[in-house]
Amino acid sequence: MRFLTQRRHFKDLSEQEVLALAISSEEDDAQIYRSYAQRLRDEYPDTAQVFDGMALEEDGHRQMLIDQHTKRFGETIPLIRREHVAGYYARRPVWLIENLGIERIRTEAEAMERDAEHFYLTAAKHSTDADTRKLLGDLAAAEAGHQDRAGELEQDHLDLDSRASEDRSAHRQFVLTWVQPGLAGLMDGSVSTLAPIFATAFATQSTWTTFLVGLAASIGAGISMGFTEAASDDGELSGRGSPIKRGIAAGVMTTLGGLGHALPYLIPDFWTATITAFVVVFLELWAIAWIQNRYMETPFFRAAFQVVLGGALVFAAGVLIGSG
């Protein structure tokens, strides 16, 4: 099946190419760690120091590999990178990982070191040349040592108090960027669409018409809430994070909040659909109260009273208007 790919297979690489691949990989990993450090420096300076130290370690490994290459093969290093080799471990795009939060970045860094060590150990096992086995074994030991050094760097720069402080900051940022706008959207979608949906239901007694009205109201409200949230605050001064993320959270949750009690009207029988919608509304309102209590630290019964009372008033208005 080799003719199906233009990439080289690892077992077809020469010893010089394996060494060149290791050099380019170490260079890439150092740049990734520096990107993480730059991304985290303002909000998580202690973790940024950890990644600065890991980048320096990768620089040291790369220089060691270059010295070895120069000694064995000369100064001209073949241009070969991980994407040129079939089956070689890949790195996820930095822009994808750095937007997923500090814990995800830490997990990715640990996986990077494990992948590199596994690669060198596997390559050493498949080598039949004694010098090559020794070289790859040394590289595996260097990566294992790098993992130990990463742990030491984390202990030096990220003590329990620093980590706890950063975790609290990460949680607060998660709440401000995702939970708060998402909760606002869920409340708006769940409560504001009650009146038009149930007014239509009791006025027309048509489940399909009610569903179409609910679908339109939910999508329209989601688009409106999403754009409003994104345009209301760029996040620079408030620290609430990316307006795009907040807009997505608000828009999606608004739409879901409305669709929750619109979807039951896909059931042909009017009263079966309406009773199901009642149950969905009840679950939605209690879910909102739970989220307020869990993430916004609002006392549960106060949150439940506010949400249920507001929802009941809007629901009653819709039923009365539709029945009249």
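Assorted remarks:
- Within the set Ser242, Ser232, Ser218, the sole residue that is surrounded by fewer than 21 Cβ atoms within 10 Å (Cβ to Cβ) and either in contact (Cβ under 8 Å) with a residue 12 or more places away in the chain or among the acidic types (Asp, Glu) (or both) turns out to be Ser242.
- Filter result (of a type in the set (Asp, Glu) and either at pLDDT below 85 or not assigned by TED's automatic domain parsing to the domain that holds Tyr33 (or both)) within region 46-57: Asp46, Glu57
- Identity of the residue in region 38-80, assigned to a helix (DSSP H, G or I) and basic (Lys, Arg), that ends up surrounded by the fewest Cβ atoms within 10 Å (Cβ to Cβ): Lys71
- Residues of region 17-58 that turn out to be over 19 Å from Glu83 (Cβ atoms) and not aromatic (Phe, Trp, Tyr), as a count: 20
- Criterion violated by Ala140 - all others in (1) aliphatic (A, V, I, L, M); (2) closer than 30 Å to Lys245 by Cα; (3) modelled with pLDDT of 60 or more; (4) surrounded by 15 or more Cβ atoms within 10 Å (Cβ to Cβ) satisfied: (2)
The values are calculated or read from the model by the stated rules, or taken from the named source; none is laboratory data. Predicted, not measured: the structure shown is a model, and the values here were computed from it. A quick note on method: Cβ atoms are made from the backbone with ideal geometry, for glycine too, and the neighbour counts reach across all protein chains shown.
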